[in-house]
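Here is the structure we will look at, set down as structure tokens.
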Amino acid sequence: MTAQPYRLSAGGLIDRTQTLSFRFDGKPYAGHPGDTLASALLANGVRLFGRSFKYHRPRGVLTAGSEEPNALVTLREGARAEPNTPATTIELYDGLAAQSQNRWPSLRFDAMAVNQLFAPLFVAGFYYKTFMWPAKAWEMLYEPVIRRAAGLGALSGLEDPDHYEHDHAFCDVLVVGAGPAGLIAAREAARAGLRVVLADESPLPGGRLLSERVELDGKSGCQWAAAMLGELASFANVRVLMRTTVFGRFDQGEHGAIERVADHLPAPRPGQPRQRLWKIVAQRTILATGATERPIVFDGNDRPGVMLASAVSTYLNRFGVAPGRRAVVLTTADSGWQTAADLVAANVAVLAVIDTRDVVPADLAEQMRAAGVTVLSGGQLVAAKGSPLSSVIARDAAGHTRHFAADLLAVAGGWNPQVALAAHLGHKPAWRADIAAYVLGDAPDGLSAAGAAEGAFGLAGTLASARAAAVTAIAALGKAAMPAPLPLVEEQHHAVSTVWTSGPCKAKAFVDFQHDVTASDITLAVREGYTSVEHLKRYTTLGMATDQGRVAQVNGHALLAAATGRALAETGTIRARPPVVPVAIGAFGGHHRGRQFRPERRTASHDWAAAQGAQFVDAGQWKRAQWFPRPGETTWRQSVDREVQATRNGVGLCDVSTLGKIELAGADVGALLDRLYINGFANLPVGKARYGVMLREDGFVFDDGTVTRIAPDRWFMTTTTANAAPVMRHIDFARQVLWPELDVQAVSVTEQWATYAIAGPRSRELLAAALPDVDMSNAALPYMGAVGLRWQGHAARLYRLSFSGELAYELSVPARLGAALVEHLFAVGKAFDLTAYGTEALGVMRIEKGHPAGNELNGWTTATDLGLGRMASTKKDYIGRIMATRPALADPARPRLVGLSPVDRSSAIRAGGHLLRPGAVAVAASDEGYVTSACYSPTLGHPIALALLAHGAERHGEEVVVHDPVRGADVRALVGDPVFFDSAGERLRG
Amino acid sequence: MRIPCPFCGARDSREFVSRGDAAPVRPAGDEADAMFDYLYLRDNPAGVFEELWYHAQGCRNWLRVRRDTLNHAIAHAELAHAERGA
């Protein structure tokens, strides 16, 4: 299957010495390196590429670029399948496989094409009109049917096997597009010594030059562009990004660009990203994005075989492919004649050139007549017939109907400068009647357009425009331009007229091909009052498909203008939004997926805990040991109960390194702490620790922790794990913004220290053995005391703090010694049956002791709610003091922290259950609070819970119902003190 | 968006935490109304706005940033306490 019947015998930027084989809908074909999938299929005589979105109309190729609305295919198979990929942008590789879309059972016979018969149903706004009721039918019937009938390709549903990179670039000038204008502008900026990034979506430089038979300084467009690119590559201050589309322009000169690193390969090479997402920050941007050709609206303008004239030229000149054998050219612009000449030069029979203008360039017309081509100036196209195209019906200036048996209709409707990037920050393009196009107009700051993007059509004008844009940009950046001579080129005809439609447009005359929006949809929308471009867009979905309406938009606006009797300058055009081309979500995600979705923080003894078989739990980014299962333990409860009992009866060790740690220094730390905490700190003696509660300025509890005074002017604070960063920010705000006059420095040392809680009645004995040089007596290190020591020659700190309610210590060593310390403690601890415990056992013991933690410090509780109100000092100001006295926050009816025990000792209480008075109806109005934390207490031998209960402090001894309709039956519970165990605190002081 | 941190240079906005309006000054007295205003009443201008930003992933300085909310143009950024001469 190597015959390529439509391949020209010579020419094109393809490597004819190599043949690539590929498959489309399972059928094998051959092409050459340099081909796109579209050009290779056209070379093989394939005309039908897909079915349209709504009506399932057969569609071919309209364009030769990324603006393609019709020829969308699913590229590759399996997990790498990528739906809705324009065949016009797919670089051919050996073994390529692609599938057509939106057809069933096959592309040639599509059962859904019956949709065309129901076309009146699918007019603009049909969603809003047709399926009004009943509501249920939407879910059951309409939506599934519509989704099956209308649509594009589908995702594979498999995990993307490729990876994506992010990169940043900074430059003085970003030149978007490496066509003639971009190359000239980039070279000027480079010569002026500016840092330049030049990006182009194509694998080759040259842009339109690759599609036209032009000479610059006697070289072909391709040769000239390659030489220019070579020259640019020799500048150290230039970075060229080929296969890279700049898809968005954002504030402060930021641009998003997507580099298709490996999409032209069967699969990325090992270690190679598939795509790279660039953030390019530029002081100035030059849009050398060129212009795309417009179709003309006429009946049957979507038939396979109807193609933009510029695309016909591209297939002839760049790819060596004749998109047909018998061509008709329909044009409103001089550029169409160029395509006619290209066709003649390629020995394709040109049956006629129909120019809607009465006056056509005489030399071009003469050239065509000499080649035996019928010239219809002032002509009209009535309809295109056949699928694929087999006949073109035209009308000449005298009104006579003419039939042409053409299989190719090249359409030249004028040019749209590609200025979408400028509109991303809200800039409105302006209408220029002389070239019948929206252009940049008053350029926004830092941006200019060059060449065809500026509206400078014709090669000589393009080159001059580009140099001028570069010179302006260079001057704006304070550099001197050193202009190089422009290449010598032949002047081209480049006049454009404003003709949007041809013929009656009564049948299917398409404006937006991808979304199947027709001329009659536009007039209907206008009739129904949708007369602004933005309303028109939303009502008809004009320009809302994956191609962003790049070929459709302006035609739609022109029809809107005609239907409303306005000028195009008046209707304006829609506000383009990023991205200019579809960008894979994977590219935005980059490496942040799976385990790399966010960083993982591990404590110093993480590996040790893993070796002990610890189950880990996420605490923010931290991995914390949750419990340490032992052989024979079949449920987590068995492990946790054992860990609690071992700690309460002997000694246990828990890694508490994740608590936030902040060191403060300065003469005024005490004064600052007094303002941060509700209780006083200024009078804290050196060598002592104190528990403190912080409020937010709105009066609710923010965080709690301890502060130890290490030296008269050095203090050490701990925070909860979750609030380590917010507390640091809060302290910095207090000392930098609120009270900058205070002499306080603060630094986070969370990651500098590894800290272990050693808790239980035998903890003192263990530490005495493990740290023989430290006086562990109650007198030397009393409850809430702290000492500095040296361990293995390094500074270490020992605090006598207890979260478990037992005799307990926290031992901190530099983080890099954490693992060694744990090994040491367990080596010594063998004799004491030292047991490692995790966050679950930690939680059980703190619930037994009634200590509030994350579930209670939930941002909705006050200090009084938590039973901590009596800590609040009345002798000083502190953050949150005034707002905490607000009536609603001081209301005695507010839910207060209580303990709950089930009346029936075997019933578990679930956290989240709501509290009702016995006999109360289970409705929201009866709600008296909720359970915040619950566990089984191995110490007490029954389930317990902490809860917030209205008037809770006065209701100890009462019975409540824990109502949990979602997960289980009601549980009767007894209200009591939140401290379940050792409420006198004797165990921790001994 | 990049913020010109006076300490670190121009840095990506992702390194910063925004607090919003820099104008409110914490009242010193016991007036609940004044504290309420300080806490909850905020202007939300379309245009030039003085805001507080915290360079959390950088130097940890609180900055006073003059930003145009319409186009993110940043006219000025200084250390928050610079104004008070501390």
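Under a 5 Å amide H cut-off, with hydrogens placed 1.01 Å from N, residue A:175 pairs with A:197, A:198, A:199, A:286 among residues at least 5 apart or on other chains.
Expressed as a fraction of 2.2 N^0.38 Å, the C-alpha radius of gyration for segment A:947-990 is 1.54.
Computed per residue of chain A from DSSP H runs no shorter than four, each worth -39500 (n - 2.57), the mean residue ellipticity at 222 nm is -6000 deg cm²/dmol. Taken over the Cα atoms of segment A:813-899, the convex hull encloses 177 Å³ per residue.
When only alpha carbons are used to place a centre, segment A:547-599 and segment A:53-85 end up 17 Å from one another. For the set A:27/A:385; A:279/A:428; A:54/A:279; A:27/A:506; A:508/A:537, the pairs lying more than 30 angstrom apart at their alpha carbons are A:54/A:279; A:27/A:506.
Share of pairwise Cα-Cα distances greater than 17 Å in segment A:45-110 is 39 percent (whole percent).
Overall, the accessible surface of segment A:585-637 at a probe of 1.4 angstrom is composed of carbon and sulfur to the extent of 54 percent.
Projection of the Cα convex hull of segment A:281-337, averaged over all directions and equal to a quarter of that hull's surface, yields 6.3 nm².
The listed residues A:264, A:56 rank as A:264, A:56 when sorted by accessible area, largest first, using a 1.4 Å probe. When the Cα gyration tensor is reduced to axis lengths a ≥ b ≥ c, the ratio a/c is 1.5 or higher for segment A:557-691, and with a/b not above b/c it is classed as oblate. The largest accessible area among A:16, A:790 belongs to the first residue in A:790, A:16, and the rest follow in falling order (1.4 Å probe, all chains). Note on the protein assembly as shown: the alpha carbon radius of gyration divided by the globular reference 2.2 N^0.38 Å gives 1.20. Alpha-carbon geometry of segment A:454-539: the Rg and the Dmax are 21.5, 58 Å, given in that order. Once the 1.4 Å probe is applied to the protein heavy atoms, the protein assembly as shown comes out at 40 Å² accessible per residue.
The percentage of C-alpha pairs in segment A:275-374 whose separation is greater than 17 Å is 58%.
For B:42, A:566, A:797, the ranking by accessible surface with the largest value first comes to B:42, A:566, A:797, using a 1.4 Å probe. Contact with the other protein chains removes 20 Å² or more of accessible area, compared with the isolated chain and a 1.4 Å probe, from these residues of segment B:1-19: B:1, B:2, B:12, B:14, B:17, B:19. Normalised size of segment A:318-404, defined as Cα radius of gyration per 2.2 N^0.38 Å with N residues, equals 1.04. Over all pairs of different C-alpha atoms in chain B, the reciprocal of the mean inverse distance, the Kirkwood hydrodynamic radius, equals 13.7 Å.
What translational D, rounded to a whole number of µm²/s, comes out for segment A:879-964 from Stokes-Einstein when the hydrodynamic radius is the Kirkwood one over Cα pairs, at 10 °C and 1.306 mPa s? Translational D for this selection: 115 µm²/s. Once backbone amide H atoms are built at 1.01 Å from N, residue A:382 has A:393, A:394, A:395 as its partners under 5 Å, excluding neighbours fewer than 5 places away on the same chain. Spherically averaged projected area of the convex hull of Cα atoms, segment A:488-624: 18.0 nm². The alpha-carbon of residue A:661 sits under 16 angstrom from the alpha-carbon of none of the lysines, leaving out residues fewer than 8 places away in its chain. Under a 5 Å amide H cut-off, with hydrogens placed 1.01 Å from N, residue A:913 pairs with A:931 among residues at least 5 apart or on other chains. When +1 charges are put on Lys and Arg Cβ atoms and -1 charges on Asp and Glu Cβ atoms, the dipole computed for chain B relative to its Cα centre reaches about 500 debye. Look at the stretch B:67-73: the mean tally of other chain Cβ atoms within 10 Å of its residues' Cβ atoms is 2.
Looking at segment A:56-100, the GluC sites (Glu not before Pro) that sit in a DSSP loop and have at most 13 other Cβ atoms within 10 Å of their own Cβ are A:77.
For segment A:636-749, the equivalent ellipsoid built from the Cα gyration tensor has semi-axes of 31, 16, 12 Å, listed from largest to smallest.
Residues of segment A:692-741 whose accessible area, computed with a 1.4 Å probe over protein heavy atoms, drops by at least 30 Å² once all protein chains are present relative to their chain alone are A:697, A:729, A:732, A:733, A:736, A:737, A:738, A:740. Our coupling estimate for segment A:810-820, obtained by passing each phi through the Karplus curve with A = 6.51, B = -1.76, C = 1.60 and θ = phi - 60°, is 10, 10, 10, 10, x, 3, 5, 9, x, 5, 5 Hz, Gly and Pro reported as x. Once the chain from residue A:886 to residue A:667 is taken as fully extended at 0.36 nm per residue, the excess over their C-alpha distance is 75.5 nm. Can you tell which of B:47, B:20, B:29 shows the greatest fluctuation in a Gaussian network model of chain B with Cα springs below 10 Å? Comparing B:47, B:20, B:29 in a Gaussian network model of chain B, the most mobile one is B:29.
Please work out the Cα center distance from segment A:726-753 to segment A:871-903, rounded to the nearest Å. Taking the Cα centre of each part, segment A:726-753 and segment A:871-903 sit 26 Å apart. Counting every C-alpha pair in segment A:607-665, the share spaced more than 12 angstrom apart comes to 73%. In chain A, the DSSP beta bridges split such that about 70 percent are antiparallel, to the nearest 5. Rounded to the nearest 10 degrees, the inclination of helix A:335-345 to the longest alpha-carbon principal axis of chain A is 70 degrees. Multiplying each eigenvalue of the alpha-carbon gyration tensor of segment A:914-990 by 5 and taking the square root yields semi-axes of 26, 14, 9 Å, largest first, rounded to whole angstroms.
The values are calculated or read from the model by the stated rules, or taken from the named source; none is laboratory data. Owing to the predicted nature of the structure, the values given are computational and were not obtained by experimental measurement. We place every Cβ from the backbone using ideal geometry, glycine too, and count neighbours over all the protein chains shown. Each accessible area value is taken on the protein alone, full model and side chains, heavy atoms only, with ligands, DNA and RNA left out. Shrake-Rupley method; radii C 1.70, N 1.55, O 1.52, S 1.80 Å.
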